[in-house]
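Take a look at the structure below.
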Amino acid sequence: MIEPYYHSENSDFVLYHGNTLELLPHVDISFDMVFADPPYFLSTGNGRVDVNGQYIKFDKGQWDRVRSRKEKDCFNMGWLEPCTRLLKHSGTIWICGTYHNIFSVEKCLDELGFKIINIIVWQKPDPPVTLSDKRFNFSTEYLIWATRRDCKDYTFNQDVMKAVNGGVYMPDVWKLSAASAWEKLQGKHPTQKPLRLLYRAILASTNIGDCILDPFAGSSTTGIAANLTGRTFVGIDENKSFLDLGIRRRVFIEDKDRFSEMKQRMEEDPEQVTVLVNHARPELKAKMMQTGICYVRIGDSKGSVLVTYGFERMQYVLLHTNGEDCHLFRLHSKGTFKIWSKATLEEFGFHPEHAPYYAIFQFDNTKELPFPKTPRLKQKINTYRARIRPLEDFFEE
């Protein structure tokens, strides 16, 4: 048995250092899911390209160099065969790719007796500019989701995926941004996948306590997503610096507060509309509704709004008094606010007393929006703090 390069205290996160083709035959664990982000074979070796007079580096290294079809097939069969051997009969495998490698992967899966369940299209709303004036801009990658040809009892948590997708069936096109800055606090990987992508794949095809293998672990995004969702993880990579980055990421979430924050961010739907929920005394609330102006003080104090993730998707304001008598309006401008002084607010007939400056949210006060349910807003001191809530909290049955 090979010795791990690293394992967490309870062994729910294990990393091996070395060539995955050489190490996989020595692994003796059965896995519920395999998630693989193999080389796409994109790099030409030139190292950089001239785009509008600027040299942009795009070469990722020897491991990603362009290969012939025969070489691709040989490589992909080399890691897929032992991965499928380690996969439980009811398990599934996810494989990332573009047109450069995905056809080779499909050919190998077919030869190994696997069937494709879905091909997920990962649509990036913020793709980099394609380094060519002879092609459409590349804005998608693909994920093959497959299982054994004779398997009918593989895991698919359809109800969970519907819940993630606002109560309707999850489509096979996932619009998700690339890995964000909050995912790269411990360092960067050249092909790092976003946690939200792994979150959906893991949530769809595994259950709590299941074990996941990633034969090309990289910065261990698969492992972080696995642990944040209560799954265990085994990863392999031949680059020590990438493994060390994965270890730093895993150690980072050992802190309970960090774990909770990362999990919350990962679970967020980037398309989800949010609502600013703000308490105001009856007379102040009436004035806000008359003027179409909602304001909160600036600073970390009672009544302040915290500009945090979800803020950029805010399209509504809900005014309430002590958690009751709620009124919902649409903001004039999504995810934005103005900064006004106390004196400016006084010009509109308000009488602010607690701060010299305020965040201003202007809304359409000509049309109050009905909503079928009011979530519990009475939460001790948090009742009186401005908060950001998902719109679905007020509309789902």
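Could you pull out every residue, at least 5 positions away or on a different chain, whose amide H is within less than 5 Å of the one on R231? Hs are placed 1.01 Å off N in the peptide plane, and Pro or chain starts have none.
Correct list: G209.
Give the separation of the Cα centroids, the stretch 205-251 to the stretch 1-38, in Å.
Between the Cα centres of the stretch 205-251 and the stretch 1-38 lies a distance of 9 Å.
So if I place +1 on the C-beta of Lys and Arg and -1 on the C-beta of Asp and Glu, and nothing else carries charge, what would the dipole magnitude of the chain be about its Cα centre? I want it in debye, nearest 20.
On the way: 52 positive and 51 negative charges, 165 e Å.
Value, rounded to 20: 800 debye.
Taking amide H atoms as placed 1.01 Å from N in the peptide plane, list the residues 5 or more away in sequence, or in a different chain, whose amide H sits under 5 Å from that of A36.
W94, I95, C96
Roughly how many debye, to the nearest 20, is the charge dipole of the stretch 90-167 about its Cα centre, given +1 on each Lys and Arg Cβ, -1 on each Asp and Glu Cβ, and no other charges? Numbers along the way, then the final one.
Numbers: 9 positive and 9 negative charges, 19 e Å.
So the dipole magnitude of the stretch 90-167 works out to roughly 80 debye.
Choose one of M266, Y5, F361: the residue whose Cα lies farthest towards the positive end of the charge dipole of the chain (beta-carbon charges +1 Lys, Arg; -1 Asp, Glu; about the Cα centre).
Selected residue: F361.
Which label marks the calculated value of Cα extents along the principal axes in Å, given the options (i) 117, 83, 31; (ii) 209, 50, 39; (iii) 75, 53, 36?
Of the listed options (i) 117, 83, 31; (ii) 209, 50, 39; (iii) 75, 53, 36, (iii) comes from this structure.
Taking the alpha-carbon centroid of each part, what is the distance from the stretch 143-163 to the stretch 310-361 in angstrom?
45 Å
Mind checking the angle between helix 256-267 and the chain's longest principal axis? C-alpha axes, 0 to 90 degrees, to the nearest 10.
Roughly 80 degrees between the two axes.
Suppose each label sits 7 Å from its Cα in the direction of the beta carbon; what would the L131-Q290 distance come out to in nanometres?
6.2 nm
Residue by residue, what Karplus-based ³J(HN,Hα) values in Hz, rounded to whole numbers, does the stretch 184-190 have, using 6.51, -1.76 and 1.60 with θ = phi - 60° and x for Gly and Pro?
With coefficients 6.51, -1.76 and 1.60, one gets 10, 5, 9, x, 10, 10, x Hz.
Among the DSSP beta bridges whose two residues both lie in the chain, what percent are antiparallel, rounded to the nearest 5? Walk me through the numbers before you get to the answer.
Details: 40 of 66 bridges.
Expressed as a percentage, antiparallel bridges in the chain total about 60.
Using +1 at the Cβ of each Lys and Arg and -1 at the Cβ of each Asp and Glu in the chain, identify which of Q192, F233, L377 lies farthest towards the dipole's positive end.
L377
Find the accessible area per residue for the chain; the probe is 1.4 Å, ligands and nucleic acids are left out, and the unit is Å². Kindly include the intermediate steps, with their values, before the conclusion.
Details: 20030 Å² over 397 residues.
Per-residue accessible area for the chain comes out at 50 Å².
Say each of H100 and N207 gets a label point 7 Å from the Cα, pointing the same way as Cα to Cβ; how far apart are those two points in nm?
Each label point lies 7 Å from its Cα, and together they span 3.9 nm.
I'd like the FRET efficiency for K240 and Q158, computed as 1/(1 + (r/R0)^6) with the beta carbon distance as r and R0 of 41 Å, rounded to 0.05. Please report the intermediate quantities before stating the final value.
Working: r = 40 Å, r/R0 = 0.98.
Efficiency at R0 = 41 Å is approximately 0.55.
Kindly provide the helix-only [θ] at 222 nm of the chain, computed as the sum of -39,500 (n - 2.57) over DSSP H runs of four or more divided by all residues, to the nearest 500 deg cm²/dmol? Don't skip to the answer; put the middle values down first.
Details: 11 runs with 103 residues, N = 397.
Only helices count here, giving -7500 deg cm²/dmol.
Mean-square fluctuation check for the chain, GNM, Cα pairs under 10 Å: which of D133, D172, D32 is largest?
Top of the fluctuation ranking is D133.
Whole-Hz Karplus ³J(HN,Hα) for the stretch 20-31, in order, using 6.51 cos²θ - 1.76 cosθ + 1.60 and θ = phi - 60°, x for Gly and Pro?
Values, residue by residue: 4, 5, 8, 8, 3, x, 9, 7, 10, 10, 8, 10 Hz.
Only Cα pairs within less than 10 Å get springs; with that Gaussian network setup on the chain, which residue of A225, A146, A280 has the largest fluctuation?
A280
Roughly to the nearest percent, how much of the accessible area of the stretch 195-351 is carbon and sulfur, given a 1.4 Å probe? All intermediate terms of the calculation are to be shown ahead of the outcome.
Numbers: 3150 of 6510 Å².
Here carbon and sulfur together make up 48 percent of the probe-accessible area.
With each pseudo-label sitting 7 Å past Cα toward Cβ, what's the E271-S341 distance in nm, one decimal?
Using points 7 Å along Cα→Cβ, the separation is 4.5 nm.
The values are calculated or read from the model by the stated rules, or taken from the named source; none is laboratory data. Remember, predicted model here, so these are calculated numbers, not experimental data. Counting neighbours? That spans all protein chains shown, and the Cβs are built from the backbone with ideal geometry, glycine included. Just the protein is used for accessible areas: all its heavy atoms, side chains included, with ligands, DNA and RNA removed. Shrake-Rupley method; radii C 1.70, N 1.55, O 1.52, S 1.80 Å.
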